[in-house]
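Undergrad: First the structure, then my questions, so here it is.
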Amino acid sequence: MKNIILTGIRPTGKLHIGHYIGAVKQVVDIQNAGNYDKFYLMIADSQSLTDNAGNVQKVKDNIIEVALDLLACGVDPEKTCVFIQSEIPALTEMTFYFMNLVTLSRLKRNPTVKEEIKLRGFEESLPMGFLTYPVSQTADILAFDTNLVPAGEDQKPMLEQAREIAKSFNNLYGNTFILPDAIVPNEKSQARLVGTDGKGKMSKSLGNCINLSDSSDTIKQKIMNMYTDPNHIKISDPGKIEGNVVFEYLNAFVQPDSFKKYLPEYENLDQLKSHYKKGGLGDVKIKIFLNNIIQEILQPIREKRKTLEQNIQQVYKILFNGSDTANKVANETLKRMKKSIGINYRDIIKID
Ligand code: ATP
Ligand code: MG
């Protein structure tokens, strides 16, 4: 079987370290290992409009911001086809046919969408496009015969939905689509990185982020203001690890050599945690440690981004070229889909 990989990012804000550790790092690692046949990276502008219909400028402006972030993280346009969703009309047409294979009650059960609806306070004003975005996401995935989708944990229900729709389609109209799988990081704190406020997941729409493009001072400030354990007042007090944002981030980002480099008096994270739990380890010390680790990851990304920012035209060229390539593939899939349904009239009916 071919290995076709696709993932998407919404241009609703600059990328943050949750995207990096949940999705983009996996993308770059797989891309560089080379174990794939095709690699697609979609900037999901149409999906972003489902909850930003009155905020087109934001979505438009963030296409380039997201593209810069992705390229700065090491996405290589020679290896990965980076494209803009709205440039691919076949995706919208495929969505229309897939809509017939999913019920309203099934859409309402999607836990990620449910949570997002609540967060956005939609209630009765819920746009239909937002409720049905998992169907359009199914089209994004199936249009490229994707079998693997690197993503964060919140995307698991989307993949389940895509598989269900693909199965229903294949049952009704004959085998046409591959059933895709998600690749989600095993480490829980990476699969769903919590926001700097410790409340929900780090999310562009909630503004609880450390952005990849933040200055080193901003990063430090955000880390020093992080929520730890409210009962850990004096250094000698015993501290809690659960729900402690600094430890969540250490779980996600610590490297095997981080201790040797920045905190040599400890051997590993378990040792650091048990000292914190016992008492005698201050918040400032663990925050400085985390700051060193995050700065080391983000500094080269920030520098590469600055270079890319010098030539925005070139970045748009990458996106338009990628969109041309993606368009050809999606158009072929749409043809195959219509043939399976039996609405390929011009192939069936020959007029002299
Ligand atoms: P929005 O609030 O507009 O939905 P977002 O921050 O959730 O933005 P997306 O563009 O929806 O970002 O997600 C892009 C990718 O990053 C997806 O694969 C998603 O699972 C992953 N991702 C998003 N947030 C996190 C997070 N906090 N931890 C791990 N992965 C994440
Ligand atoms: Mg999201």
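Undergrad: Any idea how many residues of the range 83-114 are assigned to a loop (DSSP other than H, G, I, E, B) and within 16 Å of ligand 2 (Cβ to nearest atom)? I'd like the intermediate steps shown before the answer.
TA: Let us first name the residues in the range 83-114 that are assigned to a loop (DSSP other than H, G, I, E, B), namely 88, 102-103, 110.
If we keep only those that are within 16 Å of ligand 2 (Cβ to nearest atom) too, we end up with 110.
So the answer is 1.
Undergrad: I need a count of the residues in the range 97-155 that are of a type in the set (F, W, Y), more than 19 Å from the chain's Cα centre (by Cα) and either within 15 Å of ligand 1 (Cβ to nearest atom) or farther than 25 Å from K328 by Cα (or both). First the steps, then the outcome.
TA: Kept after step one, since they are of a type in the set (F, W, Y), are these residues of the range 97-155: 97-98, 122, 130, 133, 144.
From what is left, the residues that are more than 19 Å from the chain's Cα centre (by Cα) are 97-98, 122.
Now narrow it down to the ones that are either within 15 Å of ligand 1 (Cβ to nearest atom) or farther than 25 Å from K328 by Cα (or both): 122.
So the answer is 1.
Undergrad: A further question follows. So the check is Cβ under 8 Å with 6+ separation or different chains; which pairs have a first residue in the range 280-294 that's free of Cβ contacts under 8 Å to residues at least 60 places away in the same chain and a second one that's of a type in the set (S, T, N, Q) and assigned to a helix (DSSP H, G or I)?
TA: F289/S258; N292/S258; I293/S258
Undergrad: While we're on this one: Could you please find all residues in the range 142-155 being more than 13 Å from ligand 2 (Cβ to nearest atom) and among the charged types (D, E, K, R)? If you could, list the steps in order and put the result at the bottom.
TA: First, the residues of the range 142-155 that are more than 13 Å from ligand 2 (Cβ to nearest atom): 142-150.
If the condition is that a residue be more than 13 Å from ligand 2 (Cβ to nearest atom) and among the charged types (D, E, K, R), then D145 is the only one that fits.
Undergrad: Could you look through the range 156-196, keep only residues that are of a type in the set (A, V, I, L, M, F, W, C) and assigned to a helix (DSSP H, G or I), and pick out the one that is farthest from ligand 2 (Cβ to nearest atom)?
TA: Step one: filter the range 156-196 for residues of a type in the set (A, V, I, L, M, F, W, C), giving 158-159, 162, 165-166, 169, 172, 177-179, 182-184, 191, 193-194.
Add one more test, that the residue is assigned to a helix (DSSP H, G or I), and what stays is 158-159, 162, 165-166, 169, 172, 191.
Values: M158: 10, L159: 14, A162: 16, I165: 20, A166: 22, F169: 25, L172: 30, A191: 13 Å.
It comes out as L172.
Undergrad: For the range 194-215, indicate whether the set of residues that are over 12 Å from G18 (Cβ atoms) and away from ligand 1 (no atom under 16 Å from the Cβ) is non-empty.
TA: There is at least one residue in the range 194-215 that is over 12 Å from G18 (Cβ atoms) and away from ligand 1 (no atom under 16 Å from the Cβ).
Undergrad: If a residue must be touching an Asp or Glu at 6+ places or on another chain (Cβ under 7 Å) and under 25 Å from D29 (Cβ atoms), how many such residues does the range 49-104 contain? Talk me through it step by step, then tell me what you get.
TA: In the first step, residues of the range 49-104 are kept if they are touching an Asp or Glu at 6+ places or on another chain (Cβ under 7 Å); the result is 59, 63, 68, 84-86, 91.
Keeping just the survivors that are under 25 Å from D29 (Cβ atoms) gives 63, 68, 84-85.
Of the residues in the range 49-104, 4 are touching an Asp or Glu at 6+ places or on another chain (Cβ under 7 Å) and under 25 Å from D29 (Cβ atoms).
Undergrad: Next up: Which residues, taken from the range 14-25, are surrounded by fewer than 21 Cβ atoms within 10 Å (Cβ to Cβ) and within 16 Å of ligand 2 (Cβ to nearest atom)? Spell out the reasoning first.
TA: Restricting attention to the range 14-25, the residues satisfying the condition of being surrounded by fewer than 21 Cβ atoms within 10 Å (Cβ to Cβ) are 14, 25.
K14 - this is the single residue of the range 14-25 that is surrounded by fewer than 21 Cβ atoms within 10 Å (Cβ to Cβ) and within 16 Å of ligand 2 (Cβ to nearest atom).
Undergrad: Tell me whether the range 223-233 contains one or more residues that are of a type outside the set (F, W, Y) and within 16 Å of the chain's Cα centre (by Cα). Write out each step before concluding.
TA: Going through the range 223-233, the residues of a type outside the set (F, W, Y) turn out to be 223-226, 228-233.
Within this subset, residues satisfying the condition of being within 16 Å of the chain's Cα centre (by Cα) are none.
The answer is no; no qualifying residue exists.
Undergrad: Of everything in the range 199-220 that's at pLDDT below 95 and surrounded by fewer than 17 Cβ atoms within 10 Å (Cβ to Cβ), which residue is nearest to ligand 2 (Cβ to nearest atom)?
TA: S205
Undergrad: Inside the range 211-240, can you point out the residues that are touching a residue at least 60 places away in the same chain (Cβ under 8 Å) and closer than 27 Å to H275 by Cα?
TA: Listed by number, the residues that qualify are I219, K220, I223, M224, M226.
Undergrad: Restricting to the range 1-18, name every residue that is modelled with pLDDT of 95 or more and under 18 Å from F83 (Cβ atoms).
TA: Within the range 1-18, the first condition is being modelled with pLDDT of 95 or more, and the residues that meet it are 4-11, 15-18.
I4, I5, L6, T7, G8, I9, R10, P11, L15 - these are the residues of the range 1-18 that are modelled with pLDDT of 95 or more and under 18 Å from F83 (Cβ atoms).
Undergrad: Which of the residues that make up the range 38-82 are within 14 Å of the chain's Cα centre (by Cα), of a type in the set (D, E) and not in a helix (DSSP H, G or I)?
TA: Within the range 38-82, no residue meets the criteria.
The values are calculated or read from the model by the stated rules, or taken from the named source; none is laboratory data. From a predicted model like this one, the values you see are computed outputs, not experimental measurements. As a convention, Cβ positions derive from the backbone with ideal geometry for all residues, glycine included, and neighbour counts pool all protein chains shown.
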